[in-house]
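Beneath this line is the structure, given in structure tokens, with notes to follow.
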Amino acid sequence: NSRNAQSFSESRWQRLIESNAVLAKHKPSDPDKFKNMEMHFDSMPLWFAGSNSPGNLASRSVGLLVMDEAGKYPAKARGEASSVQLAIQRTTSYPMHLIVITTTPVTPDEAAWQSYLESDQRRYFMPCPHCRELITFEQSMLKWDNSARQEDGSWDLKAVRNSARMECPKCAGVIRDGNKTVMLRE
């Protein structure tokens, strides 16, 4: 929603701009051109919009559209198309537009998953912290101890949670949550 977009802008995005000399030199000197939800850099404008507002999503044409956690966007925005589809529609006036959608789809009918199926289906590859081979996270990499199975054949969910881990498909090295930040950075 718009509050989340504003919070992201204030707590993370603006701090990133201020702390990075390369980005900071493109920041406008006029404070009216650098607000929480709208920023006019010397080479481009940047807007933040909440996914729950059809007016915000449909108000501007954009050449680069980034939607984070799109699986959580409203399926229908007040009688309109889905929030994802409304935002995507704003890129059509740019022949060389780029759409980036990040999410973890939960159901096959989600707009973000459907958009992925209609796309060139690029994947994000990261180096395994053990063998350095480039991998992408797949559900098949999720493992847990067989000892988490109870005598009746059901799973002890607490034991599953405690032993859950990702394993590299190339070297079987264990990938823990703490490895992900470094992997993404690399």
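The values are calculated or read from the model by the stated rules, or taken from the named source; none is laboratory data. Computed from a predicted structure; not experimentally measured. Every residue, glycine among them, receives a Cβ derived from its backbone with ideal geometry; neighbour counts consider all protein chains shown. Just the protein is used for accessible areas: all its heavy atoms, side chains included, with ligands, DNA and RNA removed. Shrake-Rupley method; radii C 1.70, N 1.55, O 1.52, S 1.80 Å.
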Q.
I'd like the full set of residues that are open to solvent by less than 50 Å² (accessible area, probe 1.4 Å) and either on the phi > 0 side of the Ramachandran plot or not in a loop (DSSP other than H, G, I, E, B) (or both), limited to segment 12-39.
A. Gln14, Ile17, Ala24, Phe34, Met39
Q) What are the residues in segment 156-179 that are in contact (Cβ under 8 Å) with a residue 24 or more places away in the chain and part of a helix (DSSP H, G or I), if any? A) Asn179
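Can you pull out every residue in segment 62-87 that is among the aliphatic types (A, V, I, L, M) and assigned to a helix (DSSP H, G or I)? Walk me through it before giving the result.
Filtering segment 62-87 for residues among the aliphatic types (A, V, I, L, M) gives 62, 64-67, 70, 75, 77, 81, 84, 86-87.
Ala70, Val84, Leu86, Ala87 - these are the residues of segment 62-87 that are among the aliphatic types (A, V, I, L, M) and assigned to a helix (DSSP H, G or I).
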Q. When both residues are 6+ apart or on different chains and their Cβ atoms are under 8 Å apart, which pairs have a first residue that lies in segment 140-155 and is among the hydroxyl-bearing types (Ser, Thr, Tyr), and a second that is open to solvent by 80 Å² or more (accessible area, probe 1.4 Å)?
A. Ser140/Pro169
Q: Taking Glu69 as meeting all but one of (1) surrounded by 14 or more Cβ atoms within 10 Å (Cβ to Cβ); (2) closer than 22 Å to Phe8 by Cα, write down the number of the exception.
A: (1)
Q: Quickly run through segment 80-117 and pick out the residues that are open to solvent by 80 Å² or more (accessible area, probe 1.4 Å), more than 25 Å from Phe137 (Cβ to Cβ) and not hydroxyl-bearing (Ser, Thr, Tyr).
A: Glu80, Gln89, Pro95, Met96
Q. Counting only residues that are open to solvent by 50 Å² or more (accessible area, probe 1.4 Å), touching a Cys at 6+ places or on another chain (Cβ under 6 Å) and not in a loop (DSSP other than H, G, I, E, B), how many does segment 118-154 have?
A. 0
Q. Of the numbered conditions (1) surrounded by 10 or more Cβ atoms within 10 Å (Cβ to Cβ); (2) over 19 Å from Thr102 (Cβ atoms), Lys180 satisfies every one except a single condition; which is it?
A. (2)
Q: Confirm whether Trp47 is open to solvent by 60 Å² or more (accessible area, probe 1.4 Å), touching a Lys or Arg at 6+ places or on another chain (Cβ under 8 Å) and of a type outside the set (Asp, Glu).
A: yes
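Could you check segment 50-61 and list, in sequence order, the residues that are part of a loop (DSSP other than H, G, I, E, B) and crowded, with 19+ Cβ neighbours inside 10 Å? Steps first, please.
Going residue by residue through segment 50-61, those that are part of a loop (DSSP other than H, G, I, E, B) are 50-53, 58-61.
Selection gives Ser51 alone.
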